[in-house]
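Values in this text are rule-based calculations from the coordinates and carry no lab data. Every value quoted in this text rests on a predicted model; they were computed, and no experiment measured them. Positions of Cβ are generated from backbone atoms using ideal geometry, with glycine treated the same way; all protein chains shown enter the neighbour counts.
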Amino acid sequence: MAAAPAAPPPSSKGSLREDLTCAICCDLFQEPVMLSCMHHFCKACISRYWRGTLGPVTCPQCRKEFRSKQFQTNYLVAAMVDKVRSSSSDTYIRNLEKQLSAALQSHNSRKEDLLCTIRKDRDKMDIIKRVGADLQGCVKSEFRALHQILEEEENHTLDQLRREEAEELEKVQRHLEAAELAVRDLEDNIKLLQQSNITLTEFPQLRTCVEVNVAPDFDVSAFSGKYLAPLQYITWRRMFKALKPGPAALTFDAETAHPSIHVSRDKTVAVECDAMTPQPSNSKRFVQCVNILASQAFQSGRHYWEVEVGSSPKWDLGVASETVDRRARIKLSPENGYWTLRLRNGSEYWAGTQPWTRLQLGSPPQRIGVYLDCDERKVAFYNADDMSPLCLFSKGPRGKVFPFFSPCISENGQKPHPMKLLHGALSG
Ligand SMILES: [Zn+2]
Ligand SMILES: [Zn+2]
């Protein structure tokens, strides 16, 4: 340590403490004073050191002589000593420890939170990947089914075309062969006739020639018309019947209709009527709300149907559990057995949750598609004009449900709008 420089780096706290230590009492300066040689001592220490000395005095550190006992109070050093002293006090250290421990705890807890978020993010990514893969499988299998329908339709059409072509060819082929045979017979006869001598007494024995009909007609335009017709459209219409689920052929169940609902004779149109028509009471009928169900119930598999709502400003539709209370006025919510989409005031679309959930739609749909997956417990609504999704209930019904409709009560002076079941509109 002998060669170490006298002035250690000022940033080091240990050396600062050394610099502020009195060489006489070896403790931090008390009331530090500076001699002309720039050395510092406690005021009390240097006074004691010089006590009794007459004449010149010396610096205890550098031995420099001074003619009189003179020193200056150094407030800057005093302030630094105060700082170092307070920073080494017990309270200060306890406070510092407390702050350090709090900061450590907060850092640890933030790190724990972030690690938790990272775990959640990873889990979410796993879920997204898994759901995505499942959905890819579903989409592929749906398209495989469509491809298969198309392929079967193509094979069927090509088979029919080949069969008809072969039949036509065979008809002509038979005619051709008969004509050739007849030509041979005629040639034989011609030969006989040419060889016959006029001196013969008898007419030669000729073959009887087969009568050949006129060639059967082949109508090229009728033949090609069958296959050049709007083949894609014809196939698409045929495909419709094979779609799973295709649009279900629903009818309204008039026995469930509220007395102010009129049902058309073919049971595909329901409309609110001015006067209540007296109806035979039965346990299926809605007596409080202007509701009606379809006759068809579903409790397994996937189903899809379409309802024309036109420009009606107000309606509810969806599915209802078989067990809903039809004698009471009940809020339409999943908790009460209703999964519905509703329109109010001509442009406000709502999902029938509790409370209602407002939906933002691009354009007002004229036809609504309802998709029910009983096994996956899902109810989804679509704008059937372009099949854009409107809303989805992922916790759908358990058990038996019926398609549900409410044309609602029309506002005063407004013409009631019918609801129309659109089954068969495309599948015909
Ligand atoms: Zn001292
Ligand atoms: Zn000195």
Subject >> For q = 0.19 Å⁻¹, Debye-computed log10 I/I(0) when each Cα of the range 199-305 counts as one equal scatterer >> reply: -1.03
**OP:** Take the range 254-422, compute every pairwise Cα distance, and split them into 5 Å bins from 0; I just need the percent in each bin.
**Re:** 2, 9, 19, 23, 22, 16, 7, 2, 0
**OP:** Normalising by the residue count of the chain, find the relative contact order in percent from Cα pairs under 8 Å and 6+ residues apart.
**Re:** 11 percent
Subject >> Relative compactness, the range 112-244, computed as alpha-carbon Rg over 2.2 N^0.38 Å >> reply: 2.51
Subject >> Hydrodynamic radius of the range 242-329 per Kirkwood, over alpha carbon pairs, in Å >> reply: 14.3 Å
Original post:
Order of Val263, Val214, Val379 from fewest to most other C-beta atoms within 10 Å?
Top reply: Val214, Val263, Val379
Original post:
What Kirkwood radius, in Å to one decimal, follows from the Cα pairs of the range 339-419?
Top reply: 13.9 Å
Original post:
Just how far, in whole angstrom, is the range 367-428 from the range 124-167 if you go by their alpha carbon centroids?
Top reply: 27 Å
Subject >> Karplus (6.51, -1.76, 1.60) ³J(HN,Hα), θ = phi - 60°, over the range 182-195, in Hz, Gly and Pro reported as x >> reply: 4, 4, 4, 4, 4, 4, 4, 4, 4, 4, 4, 5, 5, 7
Original post:
Tell me, what is the percent relative contact order of the range 10-118, built from C-alpha pairs under 8 Å that lie six or more residues apart?
Top reply: 21 percent
Original post:
For the range 13-88, what log10 I(q)/I(0) values come out of the Debye formula at q = 0.15, 0.16, 0.18, 0.19 1/Å, with one point per alpha carbon and no solvent?
Top reply: -0.48, -0.54, -0.67, -0.74
Original post:
What does the helix-only formula give at 222 nm for the chain: each DSSP H stretch with n ≥ 4 adding -39500 (n - 2.57), the total divided by the residues, and the result rounded to the nearest 500 deg cm²/dmol?
Top reply: -13000 deg cm²/dmol
**OP:** Please find, in a Gaussian network model of the chain (springs between Cα atoms separated by less than 10 Å), the residue of Asp123, Asp385, Asp274 whose mean-square fluctuation is greatest.
**Re:** Asp123
Subject >> Dipole axis of the chain (+1 Lys, Arg; -1 Asp, Glu on Cβ), positive-most option in Val172, Pro403, Ala328 >> reply: Ala328
Subject >> Pair-distance profile P(r), taking every C-alpha pair of the chain, with 10 angstrom steps and integer % >> reply: 4, 12, 13, 9, 8, 7, 6, 6, 7, 8, 7, 5, 3, 1, 1, 1, 1, 0, 0, 0
Subject >> Relative contact order for the range 295-377, counting Cα pairs under 8 Å that sit 6 or more residues apart, in percent >> reply: 40 percent
Original post:
By the gyration tensor of its Cα atoms, with a ≥ b ≥ c the square roots of the eigenvalues, what is the shape of the range 172-258: rounded for a/c under 1.5, prolate for a/b over b/c, or oblate?
Top reply: prolate
Original post:
Given H placed on each backbone N at 1.01 Å, which residues far from Ala248 in sequence or on other chains put an amide H within less than 5 Å of it?
Top reply: Tyr304, Trp305, Glu306
Original post:
In whole Hz, what ³J(HN,Hα) sequence does the range 72-79 give by Karplus (6.51, -1.76, 1.60; θ = phi - 60°), x for Gly and Pro?
Top reply: 10, 6, 10, 5, 5, 5, 4, 5
